[in-house]
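Below: the structure, in structure tokens.
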Amino acid sequence: MIASPPNDPDGLLPAASASLTGTVTGKLDRRSGNGFQPGLLLHDLWVLAKARVVSLLVFTAAVGEILAPHALIHWQAALAGLLGIALAGGAGGVLNQIVEPDLDQHMRRTLHRPLAEGRISRRGAMLYAMVLMSAAIAILAWGTNPLTLVLTLAGTVGYGVVYTLYLKPSTPWNIVWGGLAGALPPLIGWTAITGSIAALPVVLVLLVFVWTPAHFWPLAINCRRDYAKACIPMLPCTHGIDRTRKEVLNYAILTWGVSLIPALLTGDWIYGGIAWLSGAWFVGMALRLKALPEGPEMDQYARSMFAYSISYLFLLYTGLILGRLLIG
Ligand code: HEM
Ligand SMILES: CC(C)=CCC/C(C)=C/CC/C(C)=C/COP(=O)(O)OP(=O)(O)O
């Protein structure tokens with residue numbers, strides 16, 4: 001018989017996921033005799049803060065800083081801004097996992113997370129989120145300006161509370177609006193240096209905002225069965241695969257178009273060339289995803305498009321720095 005998952009003592013979660021939770025329980029049993037392992041704790045804290053996602057958030061913020069006027073002169077504000085965004089982004093990731101251990105237990109992709117497996121308690125995770133957030137607030141208040149502090153807080157609350165608690169469980173358009181939080185870092189980087197808002201960083205926010213659905217929905221197609229089991233209304237579950245693939249294509253084209261605006265604003269042809277080519281590739285992938293018949297090959301291709309979306313955003317932002325360094 002399969003035991004109830006640690007956070008579902010009444011067994012109310014969908015029975016179809018019992019085999020997954022059985023794996024979780026088995027893993028807990030195996031680990032209970034191992035005692036305290038500092039290496040594992042550090043790894044758990046890293047995973048809890050979604051450090052890999054945060055690294056790209058910090059990179060986009062760094063680009064916002066580099067593009068701002070006189071960034072080198074304000075190097076202390078620049079460093080404080082990056083550190084503050086890293087800590088506040090990490091706190092957002094922890095808040096997200098405090099809310100979702102039950103959901104995480106029911107998805108193959110997330111079932112080994114520290115809260116889902118019960119290695120870290122909700123109380124411990126809350127303490128961790130508070131430490132990260134307090135450090136972020138102190139550093140941003142000391143090293144940057146009130147506008148930067150407010151925008152960063154809006155990012156953490158937007159993702160950790162508004163998206164996770166309200167949007168994700170209630171609407172298939174959850175990530176469109178939730179994506180706004182993750183799109184803010186380039187603007188936050190810019191305001192850390194200048195203390196004010198300008199057209200270029202707002203376009204860079206728009207770029208991440210329109211990129212997010214084409215980043216996430218291919219993964220949601222790949223994981224649709226798990227989302228359905230966990231009763232999360234992701235687009236492929238509520239509107240079907242064909243509609244989702246159509247939306248992925250729409251947003252890929254939109255992202256390609258928006259990505260060319262910075263080149264028009266700055267006349268930076270190095271960035272323009274990178275944006276044109278990498279965007280054409282992204283749209284090509286969306287077209288192929290749409291054309292493939294449903295089945296394992298389409299699932300695999302959706303996963304590849306998700307992986308490329310991350311390289312694509314990294315390429316675009318790298319192109320912006322290259323253009324600034326080489327053209328000025
Ligand atoms: C609401 C908006 C977003 C949603 C719903 C979303 C969703 C996801 C999901 C589900 C994953 C897989 C994570 C995992 O397996 O642990 C992921 C990975 C990733 N996301 Fe996003 N994402 C969003 C916004 C962003 C933004 C704004 C960025 C950066 C600018 C970003 C960067 C990344 C990176 C770098 C990864 C790879 C992490 C890894 O390799 O472990 N995401 N995203
Ligand atoms: C400026 C600032 C501080 C912003 C913080 C915003 C932030 C951390 C955005 C990350 C977005 C993200 C990882 C979504 C994952 O979706 P999910 O939670 O649905 O995925 P999951 O199923 O992997 O938990």
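The values are calculated or read from the model by the stated rules, or taken from the named source; none is laboratory data. Remember, it's a predicted structure, so these values are computed and weren't measured experimentally. Note: ideal-geometry Cβ built from the backbone for every residue, glycine included; neighbour counts use all protein chains shown.
Of everything listed in (1) surrounded by fewer than 21 Cβ atoms within 10 Å (Cβ to Cβ); (2) in a loop (DSSP other than H, G, I, E, B); (3) within 15 Å of ligand 2 (Cβ to nearest atom), the single unmet condition for Leu115 is (1). Selection within the stretch 205-252: residues that are surrounded by 20 or more Cβ atoms within 10 Å (Cβ to Cβ) and small (Gly, Ala, Ser). The member of this set that is farthest from Pro293 (Cα to Cα) is Ala230. Of all residues in the stretch 73-97, those that are away from ligand 1 (no atom under 16 Å from the Cβ) have Cβ atoms under 7 Å from Cβ atoms of residues that are modelled with pLDDT under 95, 6 or more apart or on another chain, in Ala78/Ala71. Ala275 falls short of the stated requirement of being touching a Lys or Arg at 6+ places or on another chain (Cβ under 9 Å) and either of a type outside the set (Ser, Thr, Tyr) or not assigned by the TED database to the domain that holds Ala71 (or both). Within the stretch 208-230, the set of residues being of a type in the set (A, V, I, L, M) and more than 10 Å from ligand 1 (Cβ to nearest atom) comprises Val210, Ala214, Ile221, Ala228, Ala230. For Thr110, the criteria (1) within 16 Å of ligand 1 (Cβ to nearest atom); (2) in contact (Cβ under 8 Å) with a residue 24 or more places away in the chain; (3) not assigned by the TED database to the domain that holds Leu265 hold in every case but one, which is (2). Of the helices (runs of 4 or more DSSP H) contained entirely in the stretch 124-214, those carrying at least 2 residues that are more than 27 Å from Phe314 (Cβ to Cβ) fall at 146-157.
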